[in-house]
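See below for the structure under consideration.
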Amino acid sequence: MQLNSQINFNMEIKILGTGCPKCKALENATREAIAKNNIDATVTKVEDITEIMKLTMTTPALVVDGKVVMKGRVPSQSELVQLIKK
């Protein structure tokens with residue numbers, strides 16, 4: 001049986017942020033979007049500035065499967081779902 005390579009099972013999502021209110025809001029919104037839409041994903045909060053700087057200089061940031069897909073703001077729930085499912 002061959003699986004379609006575009007189907008992403010258990011994607012890896014990282015929230016990059018040092019703990020500011022926007023970073024916390026992005027984490028909460030992301031977790032809520034995943035739960036409401038039954039998305040199979042592992043969410044990790046990255047607060048280590050050295051690790052954050054390897055990917056971006058702007059926080060908060062949303063990383064899906066190693067790619068920065070959004071930074072510097074907290075998107076709406078519908079936009080979050082679109083970013084995650086891209």
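Derivation of every value follows stated rules applied to the coordinates shown; laboratory data play no part. These figures come from a predicted structure and were not determined experimentally. Glycine gets a Cβ as well: all are built from the backbone with ideal geometry, and neighbour counts include every protein chain shown.
Which residues, counting only those in the range 64-75, are part of a loop (DSSP other than H, G, I, E, B) and over 20 Å from Pro21 (Cβ atoms)? Spell out how you get there, then give the answer.
Of all residues in the range 64-75, those part of a loop (DSSP other than H, G, I, E, B) come to 65-66, 72-75.
Asp65, Gly66, listed by residue number.
Across the range 20-69, the number of residues qualifying as closer than 15 Å to Leu83 by Cα and in contact with a Leu (Cβ under 8 Å, 6 or more places away or on another chain) comes to 11.
One line per residue, one yes/no per condition, for (1) acidic (Asp, Glu); (2) outside any loop (DSSP other than H, G, I, E, B); (3) touching a residue at least 12 places away in the same chain (Cβ under 8 Å); (4) surrounded by fewer than 16 Cβ atoms within 10 Å (Cβ to Cβ):
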{"residue": "Thr44", "(1), (2), (3), (4)": "no, yes, yes, yes"}
{"residue": "Thr50", "(1), (2), (3), (4)": "no, yes, no, yes"}
{"residue": "Met57", "(1), (2), (3), (4)": "no, no, no, yes"}
{"residue": "Leu62", "(1), (2), (3), (4)": "no, yes, yes, no"}
{"residue": "Ile84", "(1), (2), (3), (4)": "no, yes, yes, no"}
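When the range 21-42 is filtered for residues that are farther than 16 Å from Arg73 by Cβ and either hydrophobic (A, V, I, L, M, F, W, C) or surrounded by 13 or more Cβ atoms within 10 Å (Cβ to Cβ) (or both), the ones remaining, listed by number, are Arg31, Ile34, Ala35, Asn37, Ile39, Ala41.
Of the residues making up the range 35-54, those that are touching a helix residue (DSSP H, G or I) at 6+ places or on another chain (Cβ under 9 Å) and of a type in the set (Asp, Glu) are Asp40, Glu47. When you scan the range 18-39, do you find a residue that is assigned to a loop (DSSP other than H, G, I, E, B), without any contact (Cβ under 8 Å) to a residue 40 or more places away in the chain and under 13 Å from the mean Cα position of the chain (by Cα), even just one? The answer is no; no qualifying residue exists. Count of the range 64-78 residues, restricted to those that are aliphatic (A, V, I, L, M) and buried (at least 17 other Cβ atoms within 10 Å of the Cβ), is 3.
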